[in-house]
Structure formats: structure tokens, C-alpha cells
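To keep things clear, I will list the structure first and then write my remarks on it.
The values are calculated or read from the model by the stated rules, or taken from the named source; none is laboratory data. Predicted, not measured: the structure shown is a model, and the values here were computed from it. So basically every Cβ, Gly included, is an ideal-geometry build from the backbone, and we count neighbours across all protein chains shown. Only protein heavy atoms, including side chains, enter the accessible area calculation; ligands, DNA and RNA are left aside. Shrake-Rupley method; radii C 1.70, N 1.55, O 1.52, S 1.80 Å.
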Amino acid sequence: MPTMGIKIKMLLARRGISQTELAKLLGTSTTNLNNKIKRDNFSEKELIRIANKLDAEFIGVFQLNGSQETI
């Protein structure tokens, strides 16, 4: 399963937006964003904000093994 950092890079590629552009949209430095992507260190709040800036929706769920029920 890809890390959240890789998923963000994939989303950026699909939207044709660079990490520098996303950093500007988020009001942070490119260095800070790059470090967070490398460390895969995002809070749910940050992921929701990134999704909003990239015209996407972040859905964080737990899926139970066996029943495939999501919580």
C-alpha cells in the first residue's frame, strides 16, 4: 500500500500541480512540505486541507477484516 506521501505525489501529478505550488496554496514553505512528504508525517486535518486545495476529498476509514465493514 502506498504511503500518504506517495498518494499526495500521485494526486499532484494528476492535478498538474507541483509541490512548490501546493506549499504556496497551504501557506507553508516548500522545504516544510517536502519534509512532511518524505517523513509521511501528516495529521488528518492536514490531509483534509490538502485534499480541499487539490479539489479532492480525503476519506480516512478503518476497514474490519473479514466483514469488510468500514468505520
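Inside the stretch 14-35, can you point out the residues that are outside any helix (DSSP H, G or I) and of a type in the set (S, T, N, Q)? Of everything in the stretch 14-35, those that are outside any helix (DSSP H, G or I) and of a type in the set (S, T, N, Q) turn out to be SER18, THR28, SER29. When the stretch 7-35 is limited to residues that are touching a residue at least 24 places away in the same chain (Cβ under 8 Å) and under 11 Å from the mean Cα position of the chain (by Cα), the one that is nearest to ALA56 (Cα to Cα) turns out to be LEU11.
Within the stretch 33-48, the set of residues being closer than 18 Å to ILE6 by Cβ and either surrounded by fewer than 11 Cβ atoms within 10 Å (Cβ to Cβ) or not hydrophobic (A, V, I, L, M, F, W, C) (or both) comprises ASN34, ASN35, LYS36, LYS38, ARG39, ASP40, ASN41, SER43, GLU44, GLU46. Among the conditions (1) loosely packed, with under 10 Cβ neighbours inside 10 Å; (2) at pLDDT below 95, GLY16 misses just one, which is (2). Could you tell me whether LEU64 is at negative phi, open to solvent by less than 60 Å² (accessible area, probe 1.4 Å) and of a type in the set (A, V, I, L, M, F, W, C)? No: the conditions fail for LEU64. Of all residues in the stretch 36-71, those satisfying the criterion of being part of a loop (DSSP other than H, G, I, E, B) and either of a type in the set (A, V, I, L, M) or touching a residue at least 24 places away in the same chain (Cβ under 8 Å) (or both) are ASP40, PHE42, LEU54, ASP55, ALA56, ILE59, VAL61, LEU64, ILE71.
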